[in-house]
Amino acid sequence: MKNLLIIDDEKTICYSLKFVFEDEFNVYTATNMYEVNEHIENKEFHIILLDLKFGDISGLDLLDSLNLKQKRSQIIMMTAYGNIESSVKAIKKGAYDYIIKPLDIPKLKNLINRSLEMNKVKEFIKEEKYNILGISKKMKEVFDVIDKIKDLDIGILIEGSSGTGKELVAKAIHEYGRRKSKKMEIVNCGAIPENLIESELFGHKKGAFTGANRDKTGRFQLANGSTLFLDEIGDMDLNLQVKLLRAIQQKEVYSLGGEECEKIDVRIISATNKDLKREVEKGQFREDLYFRLNVVNIKLPDLKDRKEDIPILVNNFVKEASISMNKEIEGIDEESYEILMNYQYPGNIRELKNIIRRAVALTDNHVIKREDLPSELCIKDKRSMNKGIVPIKIGTNLSDVEKKIILETLKITGENRRKAAEILGISERTIRYKLKEYKNISGQ
């Protein structure tokens, strides 16, 4: 049997929980720090139930120690209703989830079962040092590259579609590298107007141009001794590319309106959703700058190419959304999982996160169901598409074709007229009218 540790300074809670779980687990209890240390030094636990307020000791402080010494454990926080904010902090520090006192035993059992299913995933994630979710082979390759380059002062180009997490990878390289003591500066080259981006990068002196009422320090100067992340570098104007290349080569910059150069020590990480090599061939991006930026290339996969990561991401997004919206959503049902696994995600991880947040916001259930997902996902689901094939013989009357399609769409949506209307691009009122018409015809 698996080992379960209950940490609570109230003996009655420890004894009650031991009675509940002793048929399913080897149950150990701790009501003081001596017992806690004795257990965690000598046993390996699969599940730890931790009281957020353990006597005079903060459960958050104890959580750090447990994460270090019990790396394979899933930790569930037990908290009073007023301590939900602290429970959110606990999850950010590595706890699996939290449950509010007085404890709902069926809910706690369900929580424990789900946490055990995620145990293998958590073991993988804890071995990684980067705050990026993923167990797929493609993401493992990304992690391996990060591990090799995080301390190197070389040009790093991150390529990937929108929503694949390029900024997250850039932050991981910086925050786990030797330059982590200073803040990474971020510039979105596609979001700043062309007439302002040079000043944003290199700074300006008072009076350098109309509206320059004071000196401005550029991002290069702010990133001195640190990292500068140039997002959407493929959108940068060709004229500015020349100045950027000079700054990288000479390791010095001139502020607009300034006469003296400033020496800089900056590592450049850039990112793009474009094929920069092709942009070079088209004359839209300088080849010499491309080679400076692209010493090491990291290609991030689309979500459709790393589908084994979807369950982990879904679980994490459900948890995040539930906490932020103060709702108790336990997860998603099997049918919804299948729909999410079959979808292609043109918007990648960002789209998946939005889908889950929408579902959590709109659901009236404790589990996300098919009807909580956007209708376009359901109609694109492979199973729905197969079920939704309506055979029409050549020569069939158009009114009969219309009838077949409306009735089949209603069948797919579980007789949900609103969703059927959305799929067909007609009003719900039209569907009601048509159903009434079909009923009158059949009754004649």
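The values are calculated or read from the model by the stated rules, or taken from the named source; none is laboratory data. Quantities reported herein were computed from a predicted structural model and do not represent experimental measurements. Please note: Cβ atoms are built from the backbone with ideal geometry, for glycine as well, and neighbour counts cover all protein chains shown.
Does the stretch 112-127 contain at least one residue that is surrounded by 14 or more Cβ atoms within 10 Å (Cβ to Cβ), outside any helix (DSSP H, G or I) and at pLDDT 80 or above?
Checking the stretch 112-127: not a single residue is surrounded by 14 or more Cβ atoms within 10 Å (Cβ to Cβ), outside any helix (DSSP H, G or I) and at pLDDT 80 or above.
Restricting to the stretch 264-275, and then to whatever is touching a strand residue (DSSP E or B) at 6+ places or on another chain (Cβ under 7 Å) and of a type outside the set (K, R), can you tell me which residue is nearest to A172 (Cα to Cα)?
Step one: filter the stretch 264-275 for residues touching a strand residue (DSSP E or B) at 6+ places or on another chain (Cβ under 7 Å), giving 264, 266-272.
Those left that are additionally of a type outside the set (K, R): 264, 266, 268-272.
Working: I264: 22, V266: 17, I268: 14, I269: 11, S270: 13, A271: 14, T272: 17 Å.
Only one residue fits best here, namely I269.
Any idea which residue in the stretch 410-434 is farthest from the chain's Cα centre (by Cα), counting only those that are over 13 Å from I379 (Cβ atoms) and of a type in the set (S, T, Y)?
Of everything passing the filter in the stretch 410-434, Y433 is farthest from the chain's Cα centre (by Cα).
If you take the residues of the stretch 332-363 that are of a type in the set (G, A, S) and out of contact with any strand residue (DSSP E or B) (no Cβ under 6 Å at 6 or more places or on another chain), which of them is farthest from T79 (Cα to Cα)?
At the first step, the residues of the stretch 332-363 found to be of a type in the set (G, A, S) are 336, 347, 359, 361.
When the remaining residues are screened for being out of contact with any strand residue (DSSP E or B) (no Cβ under 6 Å at 6 or more places or on another chain), the result is 347, 361.
Numbers: G347: 37, A361: 24 Å.
So the residue we want is G347.
With respect to V253, determine if the residue is in contact (Cβ under 8 Å) with a residue 40 or more places away in the chain and more than 19 Å from S199 (Cα to Cα). Walk me through it before giving the result.
Details: in contact (Cβ under 8 Å) with a residue 40 or more places away in the chain: yes; more than 19 Å from S199 (Cα to Cα): no.
It is false that V253 is in contact (Cβ under 8 Å) with a residue 40 or more places away in the chain and more than 19 Å from S199 (Cα to Cα).
Could you tell me whether any residue of the stretch 184-198 is of a type in the set (V, I, T), in a loop (DSSP other than H, G, I, E, B) and surrounded by 19 or more Cβ atoms within 10 Å (Cβ to Cβ)? Show your work before the answer.
Within the stretch 184-198, the first condition is being of a type in the set (V, I, T), and the residues that meet it are 186-187, 192, 197.
This time we only want the ones that are in a loop (DSSP other than H, G, I, E, B), so: 192.
After this cut, where a residue has to be surrounded by 19 or more Cβ atoms within 10 Å (Cβ to Cβ) as well, the list is none.
No, that holds for no residue.
If you go through the stretch 30-46 one residue at a time, do you hit one that is of a type outside the set (F, W, Y), under 22 Å from K319 (Cα atoms) and modelled with pLDDT of 85 or more?
Filtering the stretch 30-46 down to residues of a type outside the set (F, W, Y) leaves 30-33, 35-44, 46.
Subsequent filtering for residues that are under 22 Å from K319 (Cα atoms) retains 46.
Subset that is modelled with pLDDT of 85 or more: 46.
Yes, because at least one residue in the stretch 30-46 is of a type outside the set (F, W, Y), under 22 Å from K319 (Cα atoms) and modelled with pLDDT of 85 or more.
For the stretch 156-179, does any single residue satisfy the condition of being farther than 26 Å from L133 by Cβ, part of a loop (DSSP other than H, G, I, E, B), small (G, A, S) and touching a residue at least 24 places away in the same chain (Cβ under 8 Å)? Even if it seems obvious, please write down each step before you answer.
The first filter runs over the stretch 156-179 and keeps only residues farther than 26 Å from L133 by Cβ, leaving none.
The answer is no; no qualifying residue exists.
Any chance you could count how many residues in the stretch 332-353 are closer than 30 Å to E159 by Cα, of a type outside the set (S, T, N, Q) and outside any helix (DSSP H, G or I)? Let's see the steps before the verdict.
We begin by selecting, within the stretch 332-353, every residue closer than 30 Å to E159 by Cα; these are 337-353.
Narrowing further to those that are of a type outside the set (S, T, N, Q): 337-341, 343, 345-347, 349-353.
Now narrow it down to the ones that are outside any helix (DSSP H, G or I): 343, 345-347.
Residues meeting the conditions: 4.
In the stretch 250-276, how many are in contact with a helix residue (DSSP H, G or I) (Cβ under 7 Å, 6 or more places away or on another chain) and either among the hydrophobic types (A, V, I, L, M, F, W, C) or more than 17 Å from K205 (Cβ to Cβ) (or both)? Walk me through it before giving the result.
Step one: list which residues in the stretch 250-276 are in contact with a helix residue (DSSP H, G or I) (Cβ under 7 Å, 6 or more places away or on another chain), which gives 253-256, 262, 264, 266, 268-272, 274, 276.
Filter once more, keeping what is either among the hydrophobic types (A, V, I, L, M, F, W, C) or more than 17 Å from K205 (Cβ to Cβ) (or both): 253, 256, 264, 266, 268-272, 274, 276.
Residues that pass the stated criteria total 11.
From K53, K71, grab the single residue that is touching a Lys or Arg at 6+ places or on another chain (Cβ under 6 Å) and either surrounded by fewer than 19 Cβ atoms within 10 Å (Cβ to Cβ) or at pLDDT 85 or above (or both). Lay out the reasoning, then the answer.
On the way: K53 fails: touching a Lys or Arg at 6+ places or on another chain (Cβ under 6 Å).
Exactly one residue qualifies, and that residue is K71.
Can we say L238 is in the same structural domain as D144 (by TED's automatic domain parsing) and under 23 Å from G163 (Cα atoms)?
On the way: in the same structural domain as D144 (by TED's automatic domain parsing): yes; under 23 Å from G163 (Cα atoms): no.
No; evaluated as a whole, the condition is false for this residue.
Being of a type outside the set (K, R) and free of Cβ contacts under 8 Å to residues at least 24 places away in the same chain is the filter here; which residues of the stretch 127-151 pass it? Let's see the steps before the verdict.
We begin by selecting, within the stretch 127-151, every residue of a type outside the set (K, R); these are 127-128, 130-136, 139, 141-147, 149, 151.
Within the stretch 127-151, E127, E128, E141, F143, D144, D147 qualify.
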